Amino acid sequence: MNRIASKFGGSSVADHRQFLKIQAILEKDKRRSVIVVSAPGKRHSGEAKLTDLLYLCHELAKKGMPVDSPFSLIRDRFLEIEKELKLNAGIAEEMEKFHRQIVDGVDRDFIASRGEYFSGRLMAKFLNAVFVEPGEAIFFDKAGRLDPKSYDALGKLFSDPSKRYVMPGFYGADAKGRIKTFSRGGSDISGAIAARAAKAELYENWTDVSGLLMADPRIVENPHPLDIVSYREIRELSYMGASVFHDEAIAPVREAGIPINIRNTNKPDDAGTMIVSKLPEVTRYDIAGVAGKKNFSMFSVEKTMMNKEVGFARKFLELFENHQVSIEHCPTSIDTMSVVVASEEIGDKSEAIREDVLRILQPDNLDTEHELSLIAVVGEGMARQSGMAARVFKALADARVNVRIIDQGASELNIIVGVANGDYEKAIRALYGEMTRTTKD
Ligand code: ASP
């Protein structure tokens, strides 16, 4: 039987009512047999995320302070789910042991991983499913990267297609067998690994929104939902700030050609967003979306005959490497070259970088600008059409936004513009408005 791997995020497992919703979702499609869960998230805005409470326990224990107040919040959340669902999963005893481990100084990743662990234990019991321990099959190599042998190891633990499996997200084990977590939000990555290991036909990512939107709703009023988007587009959009899904979660499924469906646990009938390797011939809009980030700095050098000076670009870029600053973009013209970096990367290194540029490159002119925003108009559909850039710049001109940087990758997947931070919201609204003005259906 074909299988679907379904990952449920923090809000989807926040309390026993959410567990019941998950049960109903699973009942609707029997292919949903590989389940990955996060730690319970917030039930309301004033509440702390369980994973944050676990990190707090570690901080307190490290300082020799009592952990009882955050610990009791954690314990009570799990005990409540166990009680409300009448599970008898032995959580109280395990919690007691865990409390002792924290006080005895067990390491940070182990503590953080227990949110997912207990969530998984309860879910497995509730669904009468096989509990899969990721510490036995998701391996990190010495450099902290996922070891590809994990796919086979985990595949073996999911071997019976007639069974239902539940695995906690967010962690695996390092080369020495110690529990190690992914970065924050990493249960998405665990879900993707599980989908690939189980050779699933689909990776569902259940959250509390009905998929992605074409722009940030805090800036654009009622942006359209994104029905279908390619892996490449989603990489660009999430890199430029659109977030729902951990960007490292794309690679495991993309390589295996497994589509991702972002769904809403609270509105299970909404179709959500499909992330696929190949878009259909006709999509509703030419673009997938508009996304951006504020606070970039740009170092621009001007030097006559720069284009003839062999090694100029290398020296310029190397200088940032020497300062351990990663580069976002480098727009160039015949005699000018700019390097755009996130301002937080620069910190207090700006003066030192300027001094190096002047000494090493001997430019005619060096200009440094801060408080810039980058905005990407993303869409594979743009490659097939002329006039897209014209529409982008006309929209910005009509909105009286001065464009400071222009960058278009050779793939024509995106057009990136840089504007002053003060123009950021206005520019996004203008671009979104123009690029969604007409549909193709
Ligand atoms: N619970 C972890 C976090 O809060 C991982 C996750 O939910 O994906 O980051």
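The values are calculated or read from the model by the stated rules, or taken from the named source; none is laboratory data. Since the model is a prediction, treat every value here as computed from it, not as a measurement. Cβ sites come from the backbone with ideal geometry, for glycine too, and all protein chains shown count toward neighbours.
Figures for the structure shown
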read-out	value
Breaking point among (1) more than 16 Å from the ligand (Cβ to nearest atom); (2) in contact with an Asp or Glu (Cβ under 6 Å, 6 or more places away or on another chain), for Ser150	(2)
Failed item, numbered, when Gly144 is tested on (1) within 16 Å of the ligand (Cβ to nearest atom); (2) under 19 Å from the mean Cα position of the chain (by Cα); (3) farther than 22 Å from Pro259 by Cα	(1)
Pairs with Cβ under 6 Å, 6+ apart, first in region 244-269 and in contact (Cβ under 8 Å) with a residue 24 or more places away in the chain, second within 16 Å of the ligand (Cβ to nearest atom) and among the aromatic types (Phe, Trp, Tyr)	Val253/Tyr203; Ile258/Tyr203; Ile260/Tyr203; Arg263/Trp206; Thr265/Trp206
Any hit, region 191-202, residues being out of contact with any Pro (no Cβ under 6 Å at 6 or more places or on another chain), within 14 Å of the ligand (Cβ to nearest atom) and either over 21 Å from Leu53 (Cα atoms) or at pLDDT below 95 (or both)	yes
Extreme residue, farthest from Ser338 (Cα to Cα), among residues of region 407-432 that are assigned to a loop (DSSP other than H, G, I, E, B) and without any contact (Cβ under 8 Å) to a residue 24 or more places away in the chain	Ala410
Failed condition for Ile262, given (1) modelled with pLDDT of 90 or more; (2) of a type outside the set (Gly, Ala, Ser); (3) surrounded by fewer than 16 Cβ atoms within 10 Å (Cβ to Cβ)	(3)
Residue within region 277-284 that is over 17 Å from Pro134 (Cβ atoms), of a type in the set (A, V, I, L, M) and surrounded by 19 or more Cβ atoms within 10 Å (Cβ to Cβ) present	no
Single residue of Gly64, Gly46, Gly41 found to be more than 16 Å from the ligand (Cβ to nearest atom), part of a loop (DSSP other than H, G, I, E, B) and within 23 Å of Gly9 (Cβ to Cβ)	Gly46
Number of positions in region 99-113 that are more than 16 Å from the ligand (Cβ to nearest atom) and of a type outside the set (A, V, I, L, M)	6
So Ala395, is it surrounded by 16 or more Cβ atoms within 10 Å (Cβ to Cβ), small (Gly, Ala, Ser), within 30 Å of Tyr231 (Cα to Cα) and at pLDDT 95 or above	yes
Residue in region 400-411 that is under 24 Å from Leu317 (Cβ atoms) and surrounded by 19 or more Cβ atoms within 10 Å (Cβ to Cβ) present	yes
Meets criteria (β-branched (Val, Ile, Thr) and modelled with pLDDT of 95 or more) for Ile353	yes
Every residue from region 67-98 that is assigned to a loop (DSSP other than H, G, I, E, B) and closer than 22 Å to Ser38 by Cα	Leu85, Lys86, Leu87, Asn88, Ala89, Gly90
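Residues are listed down the side, and each one gets a yes or a no for (1) modelled with pLDDT of 95 or more; (2) farther than 17 Å from Glu84 by Cβ; (3) within 14 Å of the ligand (Cβ to nearest atom); (4) touching a His at 6+ places or on another chain (Cβ under 7 Å):
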position: Lys7; (1), (2), (3), (4): yes, yes, yes, no
position: Gln18; (1), (2), (3), (4): yes, no, yes, no
position: Ile25; (1), (2), (3), (4): yes, yes, no, no
position: Asp29; (1), (2), (3), (4): yes, yes, no, no
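Per-residue answers, yes or no, for (1) among the hydroxyl-bearing types (Ser, Thr, Tyr); (2) farther than 30 Å from Ile219 by Cα; (3) assigned to a helix (DSSP H, G or I):
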| site | (1), (2), (3) |
| --- | --- |
| Leu279 | no, no, no |
| Ile287 | no, no, no |
| Phe296 | no, no, no |
| Val310 | no, yes, no |
| Glu321 | no, yes, yes |
| Gln324 | no, yes, no |
| Ile334 | no, yes, no |
